[in-house]
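The values are calculated or read from the model by the stated rules, or taken from the named source; none is laboratory data. Keep in mind that this is a model prediction, so the values were computed, not measured. Glycine gets a Cβ as well: all are built from the backbone with ideal geometry, and neighbour counts include every protein chain shown. Ligands, DNA and RNA are stripped out before the accessible areas are found, and what is left, the full protein with its side chains, is counted by its heavy atoms. Shrake-Rupley method; radii C 1.70, N 1.55, O 1.52, S 1.80 Å.
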Amino acid sequence: MKSSERAAVIDGIKSADIDVLIIGAGINGVSTFRELALNGVSVLLVDKQDFCAGTSAAPSRLIHGGIKYLENGEFRLVAESTHERNRLLHNAPHLVKPLPCTVPFYSWFGGLFNSAFKFFRLPVKGFKKRGRLVVKIGMSIYDWMGRKRRAMPTHKIRGAKESLQMFPGIDPSVISTATYYDALITQPERLCLELITDTLADTESLNHHCAALNYASVVSSSGDEVTVADEPGGQFFTIQPKLVVNAGGPWIDPVNALLGIDSHYIGGSKGSHLILDHPQMLASLNGHMMYFETGDNRLCLAYPIGDRVLVGTTDIRVDDPDTVKCDEAEIDYLITAMAELLPGIPFTREHIVYSYTGVRPLPFDDGVGVGSVSRDHSIEVDEASGERTFDVASLIGGKWTTFRAFGEVAADLVMGKLKQARSVDTYKLAIGGGRDFPAADTADAVNQQLAEAYKLPASVVSGIMQRYGRNEGVLSALTEEGGLTPLAALPSFLHGEIRYICEREFVVHLDDLIFRRTTLALEGRATESLVAEIASIAAPLMNWSESCTADEIARCNHRLRTNARGVV
Ligand SMILES: Cc1cc2nc3c(=O)[nH]c(=O)nc-3n(C[C@H](O)[C@H](O)[C@H](O)COP(=O)(O)OP(=O)(O)OC[C@H]3O[C@@H](n4cnc5c(N)ncnc54)[C@H](O)[C@@H]3O)c2cc1C
């Protein structure tokens, strides 16, 4: 977004009556924004970083019912999650895809007592890996819970011989494997962005004011005013909301402190993931996610993501979400875990092309280990008090998967307080490039039609559909002069795509483009020459001077080298 366009948005905010301020544009803040805006509430969404750059950019990328939460007796959460997962497979089919998930086991009855003890919240002594019987019970309940509008097959169990053939390199002492279905989200950051762009487009002609700003942090409040710092513009502005939604995820308590509230709602837990360039492991996974138990009784996962492998994750209590990164001990832990699962497949640090870390915004709980804290969501309301004239609703916990349901509950609470009625239901609302996205059996015909309509090669249209879903804005950008020119450093990407992203997708910094609008960093393809080439296309569109462009390149490469340990 050019600075002049951003200045116009801020001028609009200053002159409007904003009823609700949402602090935090992770998936839960964005979902609440969408619910409120579509229902006629005037609302401003701000984030101190880019949209979807906090925890919401760092999940295991599963849209899942949460089979493991059955052991903790969290039936409400599992029912809601399976339901939302099935809806997302329909509403965002361009980004949310079915994923076969396979659990290997090494005994028949192992873990039976441990699981029962966990279920009844009794202390677990010693540990045994979960055996076939426990997993079979869990999967049968899971299938039953996902039965409404079933979107994928039920579970299947296979014997040792078939398992060893299907997953070469797996621990040969396996007695059986079981496969159930969940889903993966290929680009969570893009889904978040699409929810924002859809909402702004759908409310453009309505009479209430809605705006979303990245790189805009809430810095203080006093009386009825909240002050926001606009980082790119280097200025501050104030608004007077009737109500504030604190969707700060792991930052909820520091955000509340800025609003004059002393809260202790969050007990953050960090989790790291690695992305590997490892063709042998990729082949061994055979298109499945392996969901397996580690030597310390935790569940880890590994699955193919494009031509890479994603491995995760850790679960470590942390206090400061601003300083987390994937450390050496976590890498050792994940290497050891994978060596137990696939002893026949060597995996070293050389295979790692990217890593990322996030902090789960779990409810504060002093008494249990982080692994046992509830993954359900809840809302704490701090009523107006003292000088503060507005209530603050803090959104605690919540899975990526359940964002729509959580946003719906949060919006209903807010609308109840504002005495506004709901008129729009998002349950069946398609998202972004998922609108009119063709089913597999009609994809070729639809691609051909679009290719003819835009006078583009069908192969180009099919690549765009895979990356962005049905996004005719991108197709149209490719028809402009030079739009079809491939990037020299990565010919599968086209100039027109980069231009479209710069002009239409709220880019402020170069790393927005490399890390979140595309999967270039995640896939370990962001080489130094690619970063420089993309910067040279972005610079004139973003009005970056020569020195500003050099700073953007340096900032991006620094992030790739340090936090993300990507290849540059
Ligand atoms: C390791 C890991 C794996 C996970 N895996 C999965 C999974 O596979 N599936 C699943 O469903 N869920 C998963 N989750 C859970 C899910 O990712 C999170 O629960 C969810 O993303 C939380 O979103 P949020 O919007 O509440 O928080 P965030 O995404 O963290 O958003 C909070 C935002 O507040 C902003 N903010 C902070 N302070 C300020 C300020 N002063 N002014 C303005 N903005 C501010 C931050 O910049 C941030 O963007 C996982 C989480 C982790 C950590």
Handout entry: FRET efficiency estimate (nearest 0.05) - Cβ-Cβ, Glu225 to Phe364, R0 41 angstrom
Key = 0.90
Completion exercise
Checking rank on 29-41, 319-331, 168-180, 191-203, with mean other Cβ inside 10 Å and highest first, the result is 29-41, 191-203, 168-180, 319-331
Practice task
Please give the FRET efficiency for Ala453 paired with Arg561, using the beta carbon to beta carbon distance and R0 = 51 Å, rounded to the nearest 0.05.
Solution key: 0.75
Completion exercise
Two pseudo-spin positions, 7 Å from Cα along C-beta at Glu481 and at Asp17, lie apart in nanometres by 4.9
Fill in the blank from the handout: A student applying the Cα gyration tensor rule (rounded when a/c is under 1.5; otherwise prolate if a/b is larger than b/c, oblate if not) would label the chain oblate
Exercise for the section: State in Å² the accessible area per residue of the stretch 183-324; use a 1.4 Å probe, count heavy atoms of protein chains only, and round to the nearest integer. Expected result: 35
Completion exercise
Spelling it out for Val353: with amide H atoms placed in the peptide plane at 1.01 Å from N, the residues 5 or more places away or on another chain with amide H under 5 Å from its amide H are Ile275, Leu276, Asp277
Practice task
At 0.36 nm per residue, minus the direct Cα-Cα distance, what do Leu164 and Asn297 gain on full extension? Give it in nm, one decimal, please.
Solution key: 45.6 nm
Handout entry: Over the stretch 269-360, relative contact order from alpha-carbon pairs under 8 Å, at least 6 apart, %
Key = 43
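Calculate the FRET efficiency for Ala283 and Thr348 from the Cβ-Cβ distance with a Förster distance of 22 Å, rounded to the nearest 0.05. The partial results should precede the final answer.
Details: r = 18 Å, r/R0 = 0.80.
For Ala283 and Thr348, the calculated efficiency is 0.80.
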Practice task
Starting from the Cα gyration tensor of the stretch 471-561, take the square roots of the eigenvalues, sort them a ≥ b ≥ c, and report rounded, prolate or oblate (rounded when a/c is under 1.5, otherwise prolate if a/b is larger than b/c, else oblate).
Solution key: prolate
Exercise for the section: For Phe364, enumerate residues with amide H under 5 Å from its amide H, sequence gap 5+ or separate chain, H modeled in the peptide plane. Expected result: Ile266, Gly267
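Would you kindly state how much longer the chain becomes between Glu340 and Tyr106 on full extension, computed as 0.36 nm times their sequence separation minus their alpha carbon distance, in nm to one decimal?
83.0 nm
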Exercise for the section: Could you list which residues have their amide H under 5 Å from that of Leu99, counting only those 5 or more apart in sequence or on another chain, with H placed in the peptide plane? Expected result: Asp182, Ala183, Leu184
Exercise for the section: Mind checking the per residue accessible area of the stretch 471-561 for me, 1.4 Å probe, whole number of Å²? Expected result: 39
Exercise for the section: Enumerate cysteines in the chain without a disulfide-compatible partner, where compatibility requires another Cys Cβ under 4.7 angstrom. Expected result: Cys101, Cys210, Cys300, Cys326, Cys502, Cys548, Cys556
Practice task
Once you have the Cα-Cα distance between Ala8 and Glu328, take 0.36 nm times their residue separation minus that, and quote the gain in nm to one decimal.
Solution key: 110.7 nm
Handout entry: Table column - 3J(HN,Hα) (Hz), the stretch 385-391, Karplus curve with 6.51, -1.76, 1.60, x for Gly and Pro
Key = 7, x, 6, 6, 8, 10, 6
Completion exercise
Along the stretch 161-176, Karplus-curve 3J(HN,Hα) (6.51, -1.76, 1.60; θ = phi - 60°) to the nearest Hz, with x for Gly and Pro, reads 4, 5, 5, 5, 6, 6, 10, x, x, 5, 3, x, 7, 4, 9, 5
Fill in the blank from the handout: Simple SL model, points at 7 angstrom along Cα→Cβ for Thr238 and Gln420; separation in nm is 2.3
Practice task
Could you go through the stretch 421-432 in sequence order and give the Karplus-derived ³J(HN,Hα) for each residue, using 6.51 cos²θ - 1.76 cosθ + 1.60 with θ = phi - 60°, rounded to whole Hz, and x for Gly and Pro?
Solution key: 8, 6, 10, 10, 10, 8, 3, 10, 7, 5, 10, x
Practice task
Kindly identify the stretch 269-360 as rounded, prolate or oblate by the Cα gyration tensor criterion: order the square roots of the eigenvalues as a ≥ b ≥ c, call it rounded if a/c is under 1.5, otherwise compare a/b with b/c, prolate if a/b is larger, else oblate.
Solution key: prolate
